[in-house]
Amino acid sequence: MKKVLSGIQPSGKLTLGNYIGAIKNFVALQHEYACNFMVVDLHAITVPQEPADLREQSEMVAALYVAAGIDPAKANIFMQSHVPQHAELGWLLTTMISMGELERMTQFKDKAAGKESVGTGLFIYPGLMVADILLYNADLVPVGEDQKQHLELTRDVAGRFNHRYGEYFTIPEPYIPEVGARIMSLDDASKKMSKSNPNAGSWIALLDEPAVIRKKISRATTDSGSEVKYDPANKPEVSNLITIYSQCAGLSIAEVEARYEGKMYGPFKKDLAEVVVGMLEPIQQRYRDIRESGEIRGILAQGAERAAETAEKTLKDVQHLMGFLAK
Ligand code: TYM
């Protein structure tokens, strides 16, 4: 069975962008692949985190995975830090990445921009991501558009390792959805929707109350025209809303356009809010049930145990191939 791996940082509330670009595909892929879905806490600490918040957000992301439809009996759901081989392989592979490669990473450039002091963790972060993926010899990595460059680095490092130490790693393929790989901010369609945007009106959190979602969508910026037409170059704001509609309602872009032919932005936005609320309500209900049941810790323990079997073997093999003396 082919293998899938992906992860999400517990660094704040998850957004509709995380759902459409990533989680929705995790749910779909679990039926055909052996899947590992992580909460990447070791990645989250590349920027400062309040300990209590980190703990809460970690459990929140894990519970949202299950609430969104990932079946813990089918896929391994676990905390990255519960499988220490991630950190160790991360170190081994980071030694094979050049400064120049890391300096070219746009996510690093964006996150470091304007900061006086930048942690080294933020700089070497892609090395850890490379290890996350290669530890399981993943064939496919479902991610949004913003992770594409990290995937390219992973492919390069896997090839470099195989060339130097002998064929060992699978060269992973990114799985980036054709529609929804880059959900944009509600107040500015030139920026991606992101939980780190201080304007909470620019993003929809998966756990936002229905009234909050309705308000955010009614206030979303729209272009000056009136036609509900998908045209990202000329109508980026409306095109983003059409994309969200299509992904939440399970319709194609053309079907959404046809539904609103001759109609104005007002009714379109009103319906969009109901589509988003309707999609999120059952997820939110399941989320509350899971948190109340307290079952998430057990799910994470089991997921880590199963993931560690593969991780342990890969790390041992890599250590051997690189010339480390066995214990
Ligand atoms: P993170 O936590 O920033 O985001 C998690 C996933 O959500 C996607 N995403 C979006 N997709 C569409 N539109 C958006 N506006 C949007 N915002 C976020 C991201 O592309 C991502 O797929 N480095 C990763 C986490 C990671 C990882 C890994 C991923 C660590 N190790 C191994 C895959 C495999 C990150 O920061 O994602």
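Set the Förster distance to 45 Å, then compute FRET efficiency between GLU32 and LYS263 from the Cβ-Cβ distance, nearest 0.05. After rounding to 0.05, the efficiency reads 0.75.
Given the pairs LYS192/LYS235; LYS235/LYS270; LYS148/LYS229, which are separated by over 23 angstrom at their Cα positions?
Values: LYS192/LYS235 15 Å; LYS235/LYS270 19 Å; LYS148/LYS229 28 Å.
From the list (LYS192/LYS235; LYS235/LYS270; LYS148/LYS229), the Cα-Cα distance tops 23 Å for LYS148/LYS229.
Once the cut-off is 21 Å, how many percent of the Cα-Cα pairs in region 241-327 end up in the long-distance tail? Counting pairs separated by more than 21 Å, the tail of P(r) holds 61 percent.
Over all other residues within a Cβ to Cβ distance under 11 Å of SER202, the charged ones net out to +3, with Lys and Arg as +1 and Asp and Glu as -1. Among the GluC sites (Glu not before Pro) within region 253-299, those in coil by DSSP and having at most 14 neighbouring Cβ atoms inside 10 Å are GLU261, GLU295. Backbone geometry of region 113-127 corresponds, through the Karplus equation with coefficients 6.51, -1.76 and 1.60 at θ = phi - 60°, to 3J(HN,Hα) couplings of 4, x, 8, 6, 10, 10, x, 5, x, 5, 6, 8, 2, x, x Hz, x marking Gly and Pro. With a Cα cut-off of under 24 Å and a minimum spacing of 8 residues unless on different chains, the lysine pairs in region 1-118 number 9. Annotation for region 140-218: GluC sites (Glu not before Pro) lying in DSSP loop with at most 16 further Cβ atoms inside 10 Å of their Cβ are GLU167, GLU178. Between region 17-84 and region 103-179, what is the C-alpha centre distance in whole Å? Going from one Cα centre to the other spans 18 Å. Each principal axis of region 178-272 carries a Cα extent, and these read 35, 27, 26 Å when sorted largest first. Each of LYS229, LYS263 was scored by other Cβ atoms within 10 Å of its Cβ. Arranged with the fewest first, they read LYS263, LYS229. Applying a DSSP loop filter and a limit of 11 other Cβ atoms within 10 Å to the GluC sites (Glu not before Pro) in region 1-99 leaves GLU32.
Every number in this text was worked out from the coordinates using simple rules, so none of it is lab data. Note that the structure is a prediction, hence the values are computed from the model and not measured. Cβ: placed from backbone, ideal geometry, glycine included. Neighbour counts: every protein chain shown.
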